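Colleague: One structure follows; several queries about it will come next.
The values are calculated or read from the model by the stated rules, or taken from the named source; none is laboratory data. All values reported here derive from a predicted model rather than from experimental measurement. Here the Cβ is made from the backbone with ideal geometry for all residues, glycine too, and neighbour counts use every protein chain on show.
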Amino acid sequence: MKPVIALVGRPNVGKSTMFNQMTRSRAALVADYAGLTRDRQYGTARHEDQDFIVIDTGGLTGERGGIEALMQDQAWAAVEEADCVVFMVDARAGLTVADQEIAERLRRSSKPILLVVNKVDGVDESLVQAEFARLGLGEPVFTTASHGRGIAAVWEGVLALM
Ligand code: GDP
Ligand code: MG
């Protein structure tokens, strides 16, 4: 069985961009607006001679009804399927209430969680680090997924958790 990695987080934090980097494919749709990936998207990745399944998800918001709720069901289903969860947050947006709610529920899932702070291009990493430390999910990995920066560190973090 290939280990399964789920990418979760609010819409627009860069999950699909990370998925493309990790799977080196264009299978996931990268949107310039929030929440285009409506369904779970599966890809395969190969890292240091090991194969993985990577799941991109449509994004978790605080909203309840309609398509938002369906997307969230899909994302939580992906968490259930995963051996390791990559929880992505947005350095530019900063820590949000939704991030805190997602962190809380992820903790209850008792899955191994790697916190990834994406979009660190042009932000002060030490300030961002202090802010996201409040999530209580340990040392984050910093990435600029759109430029392929920090992807190796994501793999390192994932491997350390599995
Ligand atoms: P998703 O909704 O979480 O899947 O986010 P996407 O991967 O679709 O990305 C949302 C937007 O953020 C797109 O315009 C991406 O090009 C952009 N983006 C992704 N990663 C980065 C990054 O590291 N830095 C910056 N500045 N933009 C990024
Ligand atoms: Mg997406």
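Colleague: Out of everything in segment 1-36 that is β-branched (V, I, T) and modelled with pLDDT of 80 or more, what residue ends up being farthest from ligand 2 (Cβ to nearest atom)?
Modeller: In this case the residue turns out to be V4.
Colleague: How do the pairs read when you match residues in segment 137-153 that are under 22 Å from K111 (Cα atoms) with residues anywhere that are among the basic types (K, R) and loosely packed, with under 15 Cβ neighbours inside 10 Å, using Cβ under 9 Å and keeping only pairs 6 or more apart or on different chains?
Modeller: Hits for this filter: L137/R107.
Colleague: Being assigned to a loop (DSSP other than H, G, I, E, B) and surrounded by fewer than 19 Cβ atoms within 10 Å (Cβ to Cβ) is the filter here, so list the residues in segment 72-94 that pass it. Let's see the steps before the verdict.
Modeller: Here is the first cut: in segment 72-94, the residues assigned to a loop (DSSP other than H, G, I, E, B) are 82-83, 91-94.
Selection gives D83, R92, A93, G94.
Colleague: Inside segment 101-121, can you point out the residues that are under 14 Å from the mean Cα position of the chain (by Cα) and either more than 16 Å from ligand 2 (Cβ to nearest atom) or closer than 13 Å to L161 by Cα (or both)?
Modeller: A103, L106, K111, P112, I113, L114, L115, V117
Colleague: Continuing with this model, one more query. Considering only segment 119-162, how many residues are small (G, A, S) and in a helix (DSSP H, G or I)?
Modeller: Final tally of qualifying residues: 9.
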